[in-house]
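Report on the following structure.
Where a number appears in this text, it was derived from the coordinates with a stated rule and is not lab data. Keep in mind the model is a prediction, meaning the values are calculated, not measured. Cβ placement follows ideal geometry from the backbone for every residue including glycine, while neighbour counts extend to all protein chains displayed.
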Amino acid sequence: MPRQMYRVYVIELSKKVFTESAKFRNANPQYNGVSECLYVGMTTKTPQERFQQHKTGYRNKKGHKLSSNIVEKYGTYLRSSLFNHIDPVMTRDEALELEKGLALELRRARYAVWFN
């Protein structure tokens, strides 16, 4: 049986998230209003499947919400060019590290970024 693989993905958010969400604004004091607002996440699904889960407010069988409110409300589309170069990894810990590393790299590039 093949092992589960984890992928990192990036979703572009409407710039309204910066004006309407204090927690997003507070997480991005470096943001200059020019570059895009982004969400960085990781998944065992395809990035397309995960994006759809976010947009529909996906809940698991126990009723726990597994989607981001920020993406559900402000997500516009996948930004494949920002993550296609990153290979899938074998463990959740590796994926979490990649997610954080990519998010911080994008912040240094002046994007406004949300990640968990």
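Values as computed for the structure displayed
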read-out	value
Principal axis dimensions, region 1-69 - Cα atoms, whole angstrom, descending	47, 25, 17
Label point distance in nm, GLU94-GLN30, each placed 7 Å from Cα along Cα→Cβ	2.6 nm
Cut-off 10 Å between beta-carbons: net charge of the residues surrounding GLY41, Lys and Arg +1, Asp and Glu -1	+1
Taking TYR58, TYR6 and counting other C-beta atoms within 10 Å, the order from fewest to most	TYR58, TYR6
Dipole of the chain, positive direction: furthest Cα of PRO29, HIS54, ILE86, with charges on the beta-carbon	HIS54
The chain: most fluctuating residue of ILE86, ILE70, ILE11 per GNM, C-alpha cutoff 10 Å	ILE86
Helix-only CD estimate at 222 nm, as mean residue ellipticity for the chain, using -39500 (n - 2.57) per DSSP H run (n ≥ 4)	-10500 deg cm²/dmol
Relative frequency of Cα-Cα separations exceeding 20 Å in the chain, percent	40 percent
Normalised contact order of region 7-114, rounded percent, pairs of Cα under 8 Å and 6 or more residues apart	43 percent
Crossing angle, helix 92-108 versus the chain [Cα axis fit, 0-90 degrees, rounded to tens]	20 degrees
Gyration tensor verdict on region 60-108 (Cα atoms; rounded if a/c is under 1.5, prolate if a/b is larger than b/c, oblate otherwise)	oblate
